[in-house]
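Visitor: Pasting in a structure now, in structure tokens, and then I'll have a few things to ask.
The values are calculated or read from the model by the stated rules, or taken from the named source; none is laboratory data. Source: prediction; values computed, not measured. Ideal geometry is used to build each Cβ from the backbone, glycine not excepted, and the neighbour counts take in all protein chains shown. Heads up: the accessible areas ignore ligands, DNA and RNA and are worked out on the full protein's heavy atoms, side chains in. Shrake-Rupley method; radii C 1.70, N 1.55, O 1.52, S 1.80 Å.
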Amino acid sequence: MLEALTGTGLAASAGLNAYIPLLTMGLLARYTEAIELPSGWQWLSNGWVIGILAVLLAVEMVADKIPVVDHVNDLVQTVVRPTAGGLAFGAGSSSETVTVSDPGSFFGSHQWVPVAAGVVIALCVHGVKAASRPVVNATTAGLGAPVASTAEDFGSVLLSLLAILLPVLVLLAIVLLVFGGWWVIRRRRLRKRERGRFEGVETQQLFG
């Protein structure tokens, strides 16, 4: 079960930021003993891979904090984040960590299952993130974009570390993400209702 929680936390983290969970695993595997990547995923701890992920992360962090640009970035990341989520779930759930000593016993020979699960989880989290940003930008005149982006980056780092070091706490993080998704959907519906009422009043005044 801990393997699933580790993979879920890393995939959810990728839904917020594609590169943070991959970079976290690579750095921890290269410089610490907190995680031991299986043979098929050791490329994540390669120095060149870590460098490329760091550059991509820097670009992503800047683009995601600029209004309008963040929307374009979310469109591009619709493919990148689920892919990263699949990689993160696959690598994380099959790795030995400080809490998981026998990762192969959970998923067995079905290697595609964790990857597919990671894609779905990351896509769902990305969908909530992408849907929430227009609400934030509209209600704050764009000033809230860097604040929201910073909070998402922090959440992604925290999720990645919890998934590897304390996967049980990933359950709490998932509950918070579900609550956040519900709040975003509710806010979008309220905005649509308010916009519809305003347009209806405007039309009545124009032709009434």
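Visitor: Does the stretch 59-74 hold any residues that are within 23 Å of VAL119 (Cβ to Cβ) and without any contact (Cβ under 8 Å) to a residue 12 or more places away in the chain, and which are they?
Guide: VAL59, ALA63, VAL72
Visitor: Might you let me know whether the stretch 1-24 holds any residue that is of a type outside the set (Gly, Ala, Ser), touching a Phe, Trp or Tyr at 6+ places or on another chain (Cβ under 8 Å) and in a loop (DSSP other than H, G, I, E, B)?
Guide: yes
Visitor: Could I ask something else about it? Could you go through the stretch 74-86 and let me know if any residue there is outside any helix (DSSP H, G or I) and of a type in the set (Asp, Glu).
Guide: no
Visitor: How about the stretch 25-43: which of its residues are buried (at least 24 other Cβ atoms within 10 Å of the Cβ) and either part of a helix (DSSP H, G or I) or modelled with pLDDT of 95 or more (or both)?
Guide: Correct list: MET25, GLY26.
Visitor: Would you check which residues across the stretch 120-153 are over 17 Å from the mean Cα position of the chain (by Cα) and of a type outside the set (S, T, N, Q) and list them? Don't jump to the end; show me each part of the working.
Guide: Step one: filter the stretch 120-153 for residues over 17 Å from the mean Cα position of the chain (by Cα), giving 134-144.
The answer is PRO134, VAL135, VAL136, ALA138, ALA141, GLY142, LEU143, GLY144.
Visitor: Looking only at the stretch 116-172, count every residue that is surrounded by fewer than 19 Cβ atoms within 10 Å (Cβ to Cβ) and either more than 25 Å from VAL62 (Cα to Cα) or in contact with a strand residue (DSSP E or B) (Cβ under 9 Å, 6 or more places away or on another chain) (or both) and tell me the total.
Guide: Residues flagged as surrounded by fewer than 19 Cβ atoms within 10 Å (Cβ to Cβ) and either more than 25 Å from VAL62 (Cα to Cα) or in contact with a strand residue (DSSP E or B) (Cβ under 9 Å, 6 or more places away or on another chain) (or both) within the stretch 116-172 amount to 8.
Visitor: Search the stretch 37-58 for residues that are farther than 18 Å from SER94 by Cβ and pair each with any residue that is surrounded by fewer than 18 Cβ atoms within 10 Å (Cβ to Cβ) when their beta-carbon atoms are under 8 Å apart and the residues are at least 6 apart or on different chains.
Guide: GLY47/ARG30; ILE50/LEU27; ILE50/ARG30
Visitor: What about TYR19, is it more than 16 Å from LEU162 (Cβ to Cβ), out of contact with any strand residue (DSSP E or B) (no Cβ under 9 Å at 6 or more places or on another chain), hydroxyl-bearing (Ser, Thr, Tyr) and open to solvent by less than 60 Å² (accessible area, probe 1.4 Å)?
Guide: Considered against the rule, which asks whether it is more than 16 Å from LEU162 (Cβ to Cβ), out of contact with any strand residue (DSSP E or B) (no Cβ under 9 Å at 6 or more places or on another chain), hydroxyl-bearing (Ser, Thr, Tyr) and open to solvent by less than 60 Å² (accessible area, probe 1.4 Å), TYR19 comes out as yes.
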